[in-house]
Amino acid sequence: MANTNYRQLRTSRANDVWGTTKRTFSYINIHYKWRFVLAIIFTLLSSLAGVLSSYLFTPILNDCIVPYIGVSNPDLSNLIKMLILLAIIYIIGIVSSYAFNKLISIISTGMLHDMRTDLFRIMEKLPLSFFDGRTHGEVMNYYTNDIDTIRPMIAQAFPTLVQTITNIVGCFALMLTLNIKLTGVVFAMLIVIFIVTFVLAKGSRRTFAGLQREVSNINGYAQEMFAGQKVIKVFNHEDEAIEGFEKIADRLYIYSVKSNAYASMLMPINASLSYATYALVAVIGGTMCVNGVLRIGDLASFLLFTRQFAGPISNISQQFNGIMMSLAGAERVFNVMDMDPELDEGKAELIKNGTGSWSWKKANGELIPLKGDIRFNDLSFGYNKNKLILKNISLYAKPGQKIAFVGSTGAGKTTITSLINRFYDIEDCNGNITYDGIPIKEIKKDDLRRSVGVVLQDTNLFSGTIMDNIRYGRLDATDEECIAAAKRCNASSFIERLPHGYQTMLSANGANLSQGQRQLLNIARCAVADPPVMVLDEATSSIDTHTEKLIEKGMDELMNGRTTFVIAHRLSTVRNANAIIVLEHGEIVERGDHEELLKQKGRYYQLYTGKAELD
C-alpha cells in the first residue's frame, strides 16, 4: 500500500462532486480492485436474495396456501419445498452480506491508509510557505477529520447505493411481471423522491464545504491556544482566548445547523413519500383484488417490493449527511495533493572522492572541491512581491570564517539563513547566492542542505531515545560517533546522569528535559552531521549563562575550520566573529569586526553598549 502512485492520482483535480467522487474511488483500482469486484458480487447476491425472497411469496400464497384454505389433510409437500428454498435464499443473503461487509471494511480502511500515506508524502515535498501559512492544528485536521469523513461514503453510502440500484432494477423487473399499472404508480413516486433528493443535495454541498473549513479552523485555534497556555495565563488572557474560540465556534454552529438541516429534511420527506407510495399501492392493489383483477399473493409480493424500494432510499437519506461531508473532506485533501511541490532545478551533486573529501559535481561533469565559500551578490528578496525583506545585500564568507548577523527583529537576519538553505528561492532578477562559485539554484536541494548544518532557536526533538535524536543529524552515524558529538558539545555530562543515559526515551518534544538540555541535543545533532557550513540561529538564546560557558569550548571546536553564520541577540557571543554584519530594515548598515565597529560608534556600538534596544 505504501507504493501508491500518487502522481497518477493528481491528474484529476477535485473541483466538483463527480470529480471528487471519481478520484476517491480511483484508490480502489490501485490495491483493492479484485476485492472490490468480489464485494460488488456479494452485495448483488445479498440484494438479489432479498428480491427473490419477496417474489417467492407470490407462489407460496397463490399455489401453496390459498388453494388449501378450508381443505382437510392438505398436501404440504410443495409448501415445505418452497420454505426450504426460501431458507436457502435467506442464508445466501446473510452469508453474502457478511462477506461484503468484511471486504468493504478492508477496502475502506486500506484506502484511508493509502490516502494518508500519499498526503504525507506529498506534504513532505511542499515548500515551507505551505506550513508557514497554517497552524499545526489545521495541518493535522487533514489527516484526522478530513480523511476520516471519507470512510462513511466508502463503507456505508456506497454499499447502500449499490443495494438500492440492485433492488430498483430487480424489483422493477419482477413488479412488471405482476402488474404494470401498480409498477407505474411506484415509478412515478420514485421520480418524485429523486427530484427532492437532487434539489436538497445541490443546496447542501456549499454548507458542508464551509462546515469542514470551520472544523479545521477550530482545531487549529484550539491547538494554538493549548500550546500557548502558559503565555495565556501569564498575561491573564483566558477571557480573550475564550472569546476568540466562541467566535469560531459560532461560525461552526451556523454551518452545522445549515448543513444538518438539509440532511434532517431529506430523511423525513423521503420517508413520508415512501409511506405514501406504500399506502397508495395497498389501496389500489386491494381494490384490484376485490375486483378479481389481482391475486392476493401478487399483492403481497408487490407490497414487499414497495417496502424494498423505500428501505434503501430511506437509508440513502440517512447517509446524505455523511456523503456531503465526505465529499467536502475529500476535496480539501485533494486540493492539498494538487499543490505544486517544492521546485528543484538543481543539477550539481555532492559526492565523496576516493580520498574521503567532498566535491560538487556539476551537470557537465566538472568537479569543484567543497570548501564552504558562500557569497551574496546584490540580493533582494521578499516573501511577497509587494514587500521586500532584504534589499541589495552583498556579502561573502570565505571558507572557515565566522560571520555574525545582528540587528533588530525583522531586519532580515533569519531570512538570510533561510535563503542559504533554499527554503525560499530567489528570482533571477533579484541577485543570487553562490556556494563555492556555483549559484545555489544549480545545486540539488538535498545535497545543498546536507552540506549546511542548522541549529535553530526553537528546538525540535522527536519521540525516541536521546541517541536516536542525535543520530537524526546523520542516520548512518554509529553510537560512538553520536557519543563523540555529544561530548564535543558538552551534552554528554547531563546525558550520562540520566537514569538510562543515551537510551533515555523522549516524548512531547523532550518535555522531560530543560530548554538548555534540549538545545544541547540540537547542537549535538548538528555536530554529528559534520557539515562544512553551519548556521546558528540564536543557538544559545535558550541556554543559561552557566550552560552557555560549558558549550562555548565545544562550539568553538565545532565551528573550527567551518564557514559559520551566527545570528545572536547576545552580542557577547559574536565578539570573535571574523565579520559582523549589522542589518536594519533589510539593508546592511555596518560591517566589520568587533573592534572596528566599536570604533565607528554607530549602530553596533549603540546595541553593544545598551544605548539602543535590540528588539
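The values are calculated or read from the model by the stated rules, or taken from the named source; none is laboratory data. Just so it is clear, the model here is predicted, and its values are computed rather than measured. FYI the Cβ positions are ideal-geometry reconstructions off the backbone, even for glycines, and counts take in every protein chain you see. Keep in mind that these areas ignore ligands, DNA and RNA; they rest on the heavy atoms of the full protein, side chains included. Shrake-Rupley method; radii C 1.70, N 1.55, O 1.52, S 1.80 Å.
Among Lys362, Lys402, what's the order by accessible area (1.4 angstrom probe), most exposed first?
Lys362, Lys402
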Q: Keeping the other protein chains in place, figure out the carbon and sulfur percent of the accessible area of the stretch 100-177, with a 1.4 Å probe.
A: 64 percent
Q: Would you work out if the stretch 328-411 is rounded, prolate or oblate? Take a ≥ b ≥ c from the square roots of the eigenvalues of the alpha-carbon gyration tensor; rounded if a/c is under 1.5, else prolate when a/b is larger than b/c, oblate otherwise.
A: oblate
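Measure off, as a whole percent, the carbon and sulfur share of the 1.4 Å-probe accessible area of the stretch 32-89, all protein chains present.
Numbers: 2500 of 3410 Å².
Carbon and sulfur together cover 73 percent of it.
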Q: State which stretch of the chain is the longest one without any exposed GluC sites (Glu not before Pro), exposure meaning a DSSP loop state and at most 10 other Cβ atoms within 10 Å.
A: 1-344
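Using unit Cβ charges (K, R positive; D, E negative) and no other charged atoms, how large, in debye to the nearest 20, is the dipole of the chain about its Cα centre?
Working: 62 positive and 59 negative charges, 218 e Å.
Dipole about the Cα centre, nearest 20: 1040 debye.
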Q. In degrees between 0 and 90, to the nearest 10, how far off the longest principal axis of the chain does helix 180-227 point, with axes built from Cα atoms?
A. 20 degrees
Q. Can you list the residues, at least 5 places off or on another chain, whose amide H is less than 5 Å from the amide H of Ile374, using H built in the peptide plane?
A. Ala397, Asp436
Q: May I ask you to evaluate 6.51 cos²θ - 1.76 cosθ + 1.60, the Karplus curve with θ = phi - 60°, for each residue of the stretch 82-90 and list the ³J(HN,Hα) values in order in whole Hz, giving x for glycine and proline?
A: 5, 5, 5, 4, 4, 5, 5, 4, 4
Q: Can you tell me the 0 to 90 degree angle between the C-alpha axis of helix 33-55 and the longest principal axis of the chain, rounded to 10?
A: 20 degrees
Q) So who's got an amide H within less than 5 Å of the one on Lys347, skipping anything under 5 residues away but keeping other chains? H placed 1.01 Å off N, in plane. A) Ile443, Lys444
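Whenever you get a sec, line up Tyr142, Tyr396, Tyr424 from highest to lowest accessible area (probe 1.4 Å, protein heavy atoms). List each step's numbers first, then the result.
Numbers: Tyr142 20, Tyr396 115, Tyr424 45 Å².
Largest to smallest exposure gives the sequence Tyr396, Tyr424, Tyr142.
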Q. So what's the angle, to the nearest 10 degrees on a 0 to 90 scale, between helix 545-559 and the longest Cα principal axis of the chain?
A. 80 degrees
Q | Per residue accessible area of the chain, 1.4 Å probe, in Å² | A | 50 Å²
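At 1.4 Å probe size, with the rest of the protein present, what percent of the exposed accessible area of the stretch 375-532 is carbon and sulfur atoms?
So the carbon and sulfur contribution to the accessible surface is 48 percent.
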**Q.** Residues of type aspartates and glutamates that Lys347 reaches as a straight line, Cα spacing below 20 Å, ignoring anything fewer than 8 places off in the same chain
**A.** Glu366, Asp373, Asp425, Glu427, Asp428, Asp436, Glu442, Asp446, Asp447
Q. What ³J(HN,Hα) values, in whole Hz, does the Karplus curve 6.51 cos²θ - 1.76 cosθ + 1.60 give for the stretch 430-447 when θ = phi - 60°, with x put for Gly and Pro?
A. 10, x, 7, 10, 10, 10, 6, x, 9, x, 5, 5, 8, 9, 4, 4, 4, 5
